[in-house]
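Single-structure report; data block below.
The values are calculated or read from the model by the stated rules, or taken from the named source; none is laboratory data. A quick note: this is a predicted structure, and the numbers were derived from the prediction, not measured. Cβ placement follows ideal geometry from the backbone for every residue including glycine, while neighbour counts extend to all protein chains displayed. Each accessible area value is taken on the protein alone, full model and side chains, heavy atoms only, with ligands, DNA and RNA left out. Shrake-Rupley method; radii C 1.70, N 1.55, O 1.52, S 1.80 Å.
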Amino acid sequence: MKRIGMLTSGGDCQGLNAALHGVAKALYEYYGEDNLQIYGITDGYRGLITGEYRLMSREDFSGILNLGGTILGTSRQPFKLMRVIDEKDSVDKVAAMKATYKKLKLDCLVILGGNGTHKTANLLREEGLNVVTLPKTIDNDVWGTDMTFGFQSAVDIAANVLDCIHTTATSHGRVFIVELMGHKAGWLTLHAGIAGGADVILIPEIPYTTESIVKTLKKRNRMGKRFSILAVAEGAISKEDAALSKKAYKAKLASSPYPSISYKLATELEALTGQEIRVTVPGHFQRGGSPCPYDRTLSTRFGAAAAQLVIEGKYGNMVALRNNEIVPVPLQEVAGKLKTVPTDSSIVRAARQIGVCFGD
Ligand code: F6P
(Lines give C-alpha, C1' and ligand atoms only; values in the text may rest on other atoms or scores of the structure.)
Protein backbone atom coordinates (compact mmCIF):
# COMPACT_ATOMS: atom_id res chain seq x y z
CA MET A 1 0.00 0.00 0.00
CA LYS A 2 1.37 3.40 -1.03
CA ARG A 3 0.37 6.21 1.36
CA ILE A 4 0.59 9.78 0.13
CA GLY A 5 -0.34 13.02 1.92
CA MET A 6 -1.29 16.17 0.01
CA LEU A 7 -1.64 19.74 1.21
CA THR A 8 -2.11 23.23 -0.22
CA SER A 9 -0.54 26.08 1.73
CA GLY A 10 -0.36 29.90 1.62
CA GLY A 11 -2.62 32.23 -0.38
CA ASP A 12 -4.77 30.29 -2.80
CA CYS A 13 -4.75 30.72 -6.58
CA GLN A 14 -6.35 29.29 -9.65
CA GLY A 15 -5.13 25.84 -10.69
CA LEU A 16 -4.64 24.32 -7.21
CA ASN A 17 -7.45 21.83 -7.75
CA ALA A 18 -6.26 21.11 -11.29
CA ALA A 19 -2.82 20.29 -9.85
CA LEU A 20 -4.30 18.04 -7.11
CA HIS A 21 -6.36 16.38 -9.85
CA GLY A 22 -3.19 15.84 -11.91
CA VAL A 23 -1.20 14.32 -9.02
CA ALA A 24 -4.04 12.08 -7.83
CA LYS A 25 -5.12 10.82 -11.24
CA ALA A 26 -1.56 9.96 -12.24
CA LEU A 27 -1.02 8.11 -8.93
CA TYR A 28 -4.32 6.20 -9.15
CA GLU A 29 -3.53 5.25 -12.76
CA TYR A 30 -0.11 3.91 -11.74
CA TYR A 31 -0.85 2.17 -8.42
CA GLY A 32 -4.54 1.35 -8.85
CA GLU A 33 -7.16 2.28 -6.27
CA ASP A 34 -6.57 -0.82 -4.11
CA ASN A 35 -2.89 -0.08 -3.62
CA LEU A 36 -3.02 3.64 -2.90
CA GLN A 37 -4.25 5.79 -0.03
CA ILE A 38 -4.24 9.55 -0.43
CA TYR A 39 -4.69 11.67 2.68
CA GLY A 40 -5.86 15.25 2.18
CA ILE A 41 -4.39 17.45 4.93
CA THR A 42 -6.80 20.21 5.97
CA ASP A 43 -5.82 23.88 5.59
CA GLY A 44 -2.16 23.41 4.69
CA TYR A 45 0.54 23.08 7.34
CA ARG A 46 -2.06 23.95 10.00
CA GLY A 47 -3.74 20.57 9.46
CA LEU A 48 -0.38 18.83 9.53
CA ILE A 49 0.34 20.48 12.90
CA THR A 50 -3.08 19.80 14.43
CA GLY A 51 -3.51 16.39 12.81
CA GLU A 52 -6.57 17.24 10.72
CA TYR A 53 -6.87 15.20 7.55
CA ARG A 54 -9.19 12.89 5.67
CA LEU A 55 -8.75 9.81 3.56
CA MET A 56 -9.61 10.82 0.01
CA SER A 57 -11.25 8.70 -2.65
CA ARG A 58 -10.70 8.81 -6.39
CA GLU A 59 -14.15 10.41 -6.67
CA ASP A 60 -12.98 13.42 -4.59
CA PHE A 61 -10.72 14.43 -7.47
CA SER A 62 -13.43 14.22 -10.14
CA GLY A 63 -14.84 17.38 -11.67
CA ILE A 64 -12.31 19.72 -10.06
CA LEU A 65 -10.05 20.47 -13.04
CA ASN A 66 -11.70 23.83 -13.67
CA LEU A 67 -12.71 24.59 -10.08
CA GLY A 68 -11.13 27.65 -8.39
CA GLY A 69 -9.76 27.62 -4.81
CA THR A 70 -8.62 24.39 -3.17
CA ILE A 71 -10.75 21.44 -2.05
CA LEU A 72 -8.28 20.85 0.83
CA GLY A 73 -8.45 24.38 2.23
CA THR A 74 -5.38 26.48 2.94
CA SER A 75 -3.86 28.81 5.53
CA ARG A 76 -0.83 31.00 5.99
CA GLN A 77 1.71 29.60 8.45
CA PRO A 78 4.62 32.06 8.54
CA PHE A 79 7.96 30.28 8.26
CA LYS A 80 9.54 32.45 10.94
CA LEU A 81 7.04 31.02 13.46
CA MET A 82 7.53 27.40 12.43
CA ARG A 83 10.32 26.79 14.93
CA VAL A 84 8.75 28.96 17.63
CA ILE A 85 7.04 26.95 20.36
CA ASP A 86 3.58 28.43 21.07
CA GLU A 87 3.58 29.69 24.64
CA LYS A 88 -0.16 29.17 25.10
CA ASP A 89 -0.39 25.49 24.20
CA SER A 90 3.36 24.77 23.98
CA VAL A 91 3.13 23.15 20.55
CA ASP A 92 6.38 22.24 18.87
CA LYS A 93 5.11 22.66 15.30
CA VAL A 94 7.93 20.78 13.60
CA ALA A 95 7.56 17.82 15.97
CA ALA A 96 3.77 17.92 15.50
CA MET A 97 4.09 17.87 11.69
CA LYS A 98 6.50 14.96 11.87
CA ALA A 99 4.15 13.13 14.23
CA THR A 100 1.20 13.45 11.83
CA TYR A 101 3.39 12.24 8.95
CA LYS A 102 4.52 9.24 11.02
CA LYS A 103 1.02 8.50 12.32
CA LEU A 104 -0.28 8.30 8.76
CA LYS A 105 2.76 6.20 7.77
CA LEU A 106 3.20 8.38 4.72
CA ASP A 107 5.63 7.48 1.97
CA CYS A 108 5.62 11.06 0.76
CA LEU A 109 3.96 14.41 1.32
CA VAL A 110 3.00 16.37 -1.82
CA ILE A 111 3.00 20.09 -1.05
CA LEU A 112 1.52 22.84 -3.24
CA GLY A 113 2.57 26.38 -2.40
CA GLY A 114 4.58 29.53 -2.95
CA ASN A 115 7.72 30.94 -1.40
CA GLY A 116 6.94 30.58 2.31
CA THR A 117 5.54 27.11 1.72
CA HIS A 118 8.78 26.06 0.03
CA LYS A 119 10.88 27.20 2.97
CA THR A 120 8.84 24.98 5.28
CA ALA A 121 8.87 22.11 2.77
CA ASN A 122 12.67 22.30 2.77
CA LEU A 123 12.67 22.32 6.57
CA LEU A 124 10.59 19.12 6.55
CA ARG A 125 13.03 17.61 4.04
CA GLU A 126 15.91 18.50 6.37
CA GLU A 127 13.95 16.81 9.17
CA GLY A 128 13.97 13.61 7.14
CA LEU A 129 10.47 13.64 5.58
CA ASN A 130 9.93 12.70 1.95
CA VAL A 131 8.44 15.70 0.17
CA VAL A 132 7.68 16.70 -3.41
CA THR A 133 6.40 20.19 -4.18
CA LEU A 134 4.55 22.13 -6.88
CA PRO A 135 4.98 25.92 -7.38
CA LYS A 136 1.78 27.96 -7.20
CA THR A 137 1.08 31.68 -6.90
CA ILE A 138 -0.42 34.51 -8.90
CA ASP A 139 2.83 36.40 -8.18
CA ASN A 140 5.00 34.08 -10.36
CA ASP A 141 7.87 34.75 -7.96
CA VAL A 142 8.93 31.21 -7.02
CA TRP A 143 12.61 30.81 -7.80
CA GLY A 144 13.62 27.99 -10.15
CA THR A 145 10.56 27.87 -12.41
CA ASP A 146 9.79 30.01 -15.45
CA MET A 147 6.12 29.96 -14.47
CA THR A 148 3.93 29.18 -11.49
CA PHE A 149 0.35 28.05 -11.97
CA GLY A 150 -2.23 30.70 -11.08
CA PHE A 151 -0.19 33.45 -12.70
CA GLN A 152 -1.74 33.37 -16.18
CA SER A 153 -5.29 33.25 -14.77
CA ALA A 154 -4.57 36.32 -12.64
CA VAL A 155 -3.04 38.09 -15.66
CA ASP A 156 -6.27 37.38 -17.59
CA ILE A 157 -8.37 38.92 -14.82
CA ALA A 158 -6.10 41.93 -14.30
CA ALA A 159 -5.90 42.61 -18.05
CA ASN A 160 -9.67 42.40 -18.24
CA VAL A 161 -9.93 44.99 -15.43
CA LEU A 162 -7.59 47.27 -17.39
CA ASP A 163 -9.73 46.77 -20.54
CA CYS A 164 -12.87 47.75 -18.64
CA ILE A 165 -11.17 50.74 -17.04
CA HIS A 166 -9.98 51.86 -20.48
CA THR A 167 -13.52 52.41 -21.76
CA THR A 168 -14.66 54.51 -18.82
CA ALA A 169 -11.34 56.40 -18.65
CA THR A 170 -11.64 57.27 -22.34
CA SER A 171 -15.22 58.51 -21.96
CA HIS A 172 -14.43 60.76 -19.02
CA GLY A 173 -10.91 61.79 -19.97
CA ARG A 174 -9.65 60.64 -16.59
CA VAL A 175 -6.44 59.22 -15.22
CA PHE A 176 -6.94 55.81 -13.62
CA ILE A 177 -4.64 53.93 -11.30
CA VAL A 178 -5.30 50.19 -11.27
CA GLU A 179 -3.55 48.61 -8.28
CA LEU A 180 -2.60 44.99 -8.87
CA MET A 181 -1.31 42.33 -6.47
CA GLY A 182 2.40 41.71 -5.91
CA HIS A 183 4.23 43.10 -2.88
CA LYS A 184 7.73 42.04 -3.80
CA ALA A 185 7.57 41.03 -7.47
CA GLY A 186 6.02 42.91 -10.38
CA TRP A 187 5.36 40.03 -12.81
CA LEU A 188 1.58 40.29 -12.64
CA THR A 189 1.50 44.06 -13.05
CA LEU A 190 4.07 43.94 -15.84
CA HIS A 191 2.27 41.28 -17.90
CA ALA A 192 -1.24 42.59 -17.25
CA GLY A 193 -0.06 46.17 -17.79
CA ILE A 194 1.32 45.32 -21.22
CA ALA A 195 -1.69 43.17 -22.16
CA GLY A 196 -4.08 45.87 -20.94
CA GLY A 197 -2.28 48.71 -22.71
CA ALA A 198 -1.23 50.64 -19.60
CA ASP A 199 0.66 53.88 -20.23
CA VAL A 200 2.55 53.69 -16.94
CA ILE A 201 3.64 50.48 -15.20
CA LEU A 202 5.07 50.68 -11.68
CA ILE A 203 6.66 47.57 -10.18
CA PRO A 204 8.69 47.04 -6.98
CA GLU A 205 11.84 46.26 -8.97
CA ILE A 206 11.93 49.72 -10.61
CA PRO A 207 11.55 52.57 -8.10
CA TYR A 208 9.69 55.59 -9.51
CA THR A 209 9.57 59.37 -9.17
CA THR A 210 6.27 61.25 -9.45
CA GLU A 211 8.02 63.76 -11.76
CA SER A 212 8.65 61.04 -14.32
CA ILE A 213 4.99 59.99 -14.26
CA VAL A 214 3.82 63.63 -14.52
CA LYS A 215 6.05 64.04 -17.57
CA THR A 216 4.34 61.08 -19.25
CA LEU A 217 0.84 62.32 -18.39
CA LYS A 218 1.64 65.79 -19.76
CA LYS A 219 3.15 64.31 -22.92
CA ARG A 220 -0.03 62.31 -23.47
CA ASN A 221 -2.13 65.44 -22.98
CA ARG A 222 -0.04 67.26 -25.60
CA MET A 223 -0.71 64.32 -27.96
CA GLY A 224 -4.43 64.93 -27.45
CA LYS A 225 -4.97 61.93 -25.15
CA ARG A 226 -7.40 62.95 -22.41
CA PHE A 227 -7.01 59.76 -20.40
CA SER A 228 -4.14 57.69 -19.03
CA ILE A 229 -3.95 54.28 -17.37
CA LEU A 230 -1.44 53.41 -14.67
CA ALA A 231 -0.93 49.76 -13.69
CA VAL A 232 0.62 49.90 -10.22
CA ALA A 233 1.84 46.91 -8.22
CA GLU A 234 0.81 47.04 -4.55
CA GLY A 235 4.53 46.88 -3.73
CA ALA A 236 5.55 49.75 -6.05
CA ILE A 237 7.99 52.07 -4.31
CA SER A 238 9.29 55.59 -4.94
CA LYS A 239 13.02 56.22 -5.35
CA GLU A 240 12.92 58.25 -2.14
CA ASP A 241 11.40 55.37 -0.16
CA ALA A 242 13.68 52.80 -1.79
CA ALA A 243 16.63 54.69 -0.29
CA LEU A 244 15.26 54.16 3.25
CA SER A 245 16.23 51.24 5.43
CA LYS A 246 13.68 48.39 5.52
CA LYS A 247 12.79 49.31 9.09
CA ALA A 248 12.33 53.02 8.34
CA TYR A 249 10.18 52.25 5.28
CA LYS A 250 8.00 49.86 7.30
CA ALA A 251 7.48 52.56 9.94
CA LYS A 252 6.65 55.13 7.25
CA LEU A 253 4.05 52.80 5.72
CA ALA A 254 2.54 52.09 9.13
CA SER A 255 2.02 55.81 9.80
CA SER A 256 0.76 56.63 6.29
CA PRO A 257 -2.82 57.96 6.14
CA TYR A 258 -3.34 56.19 2.80
CA PRO A 259 -4.69 52.63 2.54
CA SER A 260 -2.09 51.83 -0.13
CA ILE A 261 0.55 53.35 -2.39
CA SER A 262 -1.99 54.04 -5.18
CA TYR A 263 -4.04 56.46 -3.09
CA LYS A 264 -0.93 58.38 -2.09
CA LEU A 265 0.19 58.54 -5.70
CA ALA A 266 -3.28 59.67 -6.82
CA THR A 267 -3.19 62.60 -4.36
CA GLU A 268 0.29 63.60 -5.50
CA LEU A 269 -0.52 63.35 -9.21
CA GLU A 270 -3.82 65.25 -8.83
CA ALA A 271 -1.95 68.12 -7.14
CA LEU A 272 0.78 68.18 -9.77
CA THR A 273 -1.37 67.81 -12.92
CA GLY A 274 -4.80 69.15 -11.95
CA GLN A 275 -6.28 66.05 -13.63
CA GLU A 276 -9.04 63.95 -12.14
CA ILE A 277 -7.59 60.69 -10.83
CA ARG A 278 -9.46 57.54 -9.83
CA VAL A 279 -8.12 54.42 -8.12
CA THR A 280 -9.39 50.87 -8.74
CA VAL A 281 -8.21 47.95 -6.61
CA PRO A 282 -9.42 44.54 -7.86
CA GLY A 283 -7.68 42.82 -4.89
CA HIS A 284 -8.52 39.17 -4.28
CA PHE A 285 -10.66 39.12 -7.42
CA GLN A 286 -7.33 38.38 -9.09
CA ARG A 287 -6.99 35.06 -7.23
CA GLY A 288 -10.58 33.90 -7.66
CA GLY A 289 -12.61 31.88 -10.12
CA SER A 290 -11.67 29.16 -12.58
CA PRO A 291 -8.13 28.62 -13.83
CA CYS A 292 -7.61 29.64 -17.47
CA PRO A 293 -6.87 26.80 -19.92
CA TYR A 294 -3.11 27.55 -19.78
CA ASP A 295 -3.12 27.05 -15.99
CA ARG A 296 -5.23 23.89 -16.23
CA THR A 297 -2.65 22.44 -18.60
CA LEU A 298 0.37 23.63 -16.60
CA SER A 299 -1.13 22.35 -13.33
CA THR A 300 -1.84 18.99 -14.96
CA ARG A 301 1.73 18.76 -16.30
CA PHE A 302 3.13 19.71 -12.87
CA GLY A 303 0.79 17.23 -11.19
CA ALA A 304 1.78 14.34 -13.46
CA ALA A 305 5.49 15.20 -13.05
CA ALA A 306 5.13 15.34 -9.25
CA ALA A 307 3.41 11.93 -9.28
CA GLN A 308 6.29 10.57 -11.35
CA LEU A 309 8.81 11.84 -8.77
CA VAL A 310 6.79 10.05 -6.07
CA ILE A 311 6.70 6.85 -8.12
CA GLU A 312 10.47 6.97 -8.72
CA GLY A 313 11.21 7.95 -5.11
CA LYS A 314 12.92 11.17 -6.20
CA TYR A 315 11.98 13.12 -3.11
CA GLY A 316 13.18 16.57 -2.03
CA ASN A 317 12.36 18.19 -5.38
CA MET A 318 10.03 20.87 -6.73
CA VAL A 319 8.63 20.39 -10.24
CA ALA A 320 9.44 23.40 -12.42
CA LEU A 321 8.85 24.71 -15.92
CA ARG A 322 12.08 25.48 -17.73
CA ASN A 323 12.22 26.18 -21.47
CA ASN A 324 8.76 24.64 -21.77
CA GLU A 325 9.86 21.34 -20.21
CA ILE A 326 8.97 20.11 -16.73
CA VAL A 327 12.07 19.39 -14.67
CA PRO A 328 12.83 18.64 -11.00
CA VAL A 329 14.69 21.31 -8.99
CA PRO A 330 16.20 20.42 -5.57
CA LEU A 331 14.28 22.08 -2.75
CA GLN A 332 17.42 23.41 -1.09
CA GLU A 333 18.04 25.48 -4.23
CA VAL A 334 14.53 26.95 -4.17
CA ALA A 335 14.04 27.67 -0.46
CA GLY A 336 14.59 31.24 0.68
CA LYS A 337 14.96 32.75 -2.81
CA LEU A 338 12.65 35.08 -4.71
CA LYS A 339 12.27 35.40 -8.47
CA THR A 340 11.84 39.09 -9.25
CA VAL A 341 11.59 40.84 -12.62
CA PRO A 342 15.07 41.45 -14.07
CA THR A 343 15.02 45.17 -14.85
CA ASP A 344 16.91 44.65 -18.12
CA SER A 345 14.73 41.74 -19.32
CA SER A 346 13.44 41.74 -22.90
CA ILE A 347 9.84 42.16 -21.74
CA VAL A 348 10.73 45.37 -19.87
CA ARG A 349 12.71 46.55 -22.90
CA ALA A 350 9.77 45.80 -25.23
CA ALA A 351 7.43 47.82 -23.03
CA ARG A 352 9.87 50.73 -22.95
CA GLN A 353 10.24 50.52 -26.76
CA ILE A 354 6.52 51.11 -27.22
CA GLY A 355 6.62 54.10 -24.88
CA VAL A 356 5.51 52.61 -21.55
CA CYS A 357 6.76 54.71 -18.63
CA PHE A 358 8.20 52.79 -15.64
CA GLY A 359 8.49 55.95 -13.59
CA ASP A 360 12.29 55.87 -13.50
O1 F6P B 1 1.02 35.73 -2.60
C2 F6P B 1 -0.15 35.91 -3.29
C3 F6P B 1 -0.84 37.18 -2.90
O4 F6P B 1 -2.07 37.21 -3.58
C5 F6P B 1 -0.06 38.46 -3.12
O6 F6P B 1 -0.08 38.91 -4.44
C7 F6P B 1 -0.76 39.39 -2.16
O8 F6P B 1 0.08 40.46 -1.82
C9 F6P B 1 -1.06 38.51 -1.00
O10 F6P B 1 -1.12 37.20 -1.51
C11 F6P B 1 -2.34 38.82 -0.29
O12 F6P B 1 -2.41 38.02 0.86
P13 F6P B 1 -3.71 37.70 1.69
O14 F6P B 1 -4.58 36.81 0.85
O15 F6P B 1 -3.21 37.01 2.89
O16 F6P B 1 -4.39 39.00 1.95
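Looking across the range 61-81, just one residue is touching a His at 6+ places or on another chain (Cβ under 6 Å), open to solvent by less than 30 Å² (accessible area, probe 1.4 Å) and assigned to a loop (DSSP other than H, G, I, E, B), and that is Ile64. When the residues of the range 94-117 are filtered to those that are more than 19 Å from the chain's Cα centre (by Cα) and not in a helix (DSSP H, G or I), which remaining residue is farthest from the ligand (Cβ to nearest atom)? The extreme case among them is Lys105.
Being of a type in the set (Lys, Arg) and closer than 20 Å to Lys25 by Cβ: is that true of Arg296 here? Spelling it out, Arg296 is indeed of a type in the set (Lys, Arg) and closer than 20 Å to Lys25 by Cβ.
Per-residue answers, yes or no, for (1) open to solvent by 30 Å² or more (accessible area, probe 1.4 Å); (2) modelled with pLDDT of 95 or more:
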position	(1), (2)
Gly173	no, no
Phe176	no, yes
Met181	no, yes
Ala192	no, yes
Ala195	yes, yes
Val200	no, yes
Glu205	yes, yes
Tyr208	no, yes
Val214	no, yes
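Pairs linking a residue in the range 278-289 that is over 17 Å from Glu268 (Cβ atoms) to a residue that is within 11 Å of the ligand (Cβ to nearest atom) and β-branched (Val, Ile, Thr), with Cβ atoms under 9 Å and 6 or more positions apart or on different chains, are Gln286/Ile138; Arg287/Ile138.
The condition (being open to solvent by 20 Å² or more (accessible area, probe 1.4 Å) and away from the ligand (no atom under 16 Å from the Cβ)) is satisfied by just one residue among Asp146, Asp156: Asp146.
Exactly one residue among Arg58, Arg3, Arg46 is within 16 Å of the ligand (Cβ to nearest atom), over 24 Å from Phe151 (Cα atoms) and open to solvent by 10 Å² or more (accessible area, probe 1.4 Å), and that residue is Arg46.
Residue-wise test of (1) within 16 Å of the ligand (Cβ to nearest atom); (2) of a type in the set (D, E, K, R); (3) more than 24 Å from Lys136 (Cβ to Cβ); (4) touching a residue at least 60 places away in the same chain (Cβ under 8 Å).
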{"position": "His172", "(1), (2), (3), (4)": "no, no, yes, yes"}
{"position": "Ala185", "(1), (2), (3), (4)": "yes, no, no, yes"}
{"position": "Thr189", "(1), (2), (3), (4)": "yes, no, no, no"}
{"position": "Leu217", "(1), (2), (3), (4)": "no, no, yes, no"}
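Against the conditions (1) under 30 Å from Ile326 (Cα atoms); (2) within 16 Å of the ligand (Cβ to nearest atom), Ser260 satisfies every one except (1). Screening Thr120, Thr145, Thr189, Thr168 for residues that are part of a helix (DSSP H, G or I), farther than 21 Å from Ser228 by Cβ and β-branched (Val, Ile, Thr) leaves exactly one candidate, Thr120.
Being out of contact with any Pro (no Cβ under 7 Å at 6 or more places or on another chain), touching a residue at least 24 places away in the same chain (Cβ under 8 Å) and on the phi > 0 side of the Ramachandran plot is true for just one of Gly22, Gly11, Gly44, Gly32. Which residue is that?
Numbers: Gly22 fails: on the phi > 0 side of the Ramachandran plot; Gly11 fails: on the phi > 0 side of the Ramachandran plot; Gly32 fails: touching a residue at least 24 places away in the same chain (Cβ under 8 Å).
Gly44 is the lone residue from the list that is out of contact with any Pro (no Cβ under 7 Å at 6 or more places or on another chain), touching a residue at least 24 places away in the same chain (Cβ under 8 Å) and on the phi > 0 side of the Ramachandran plot.
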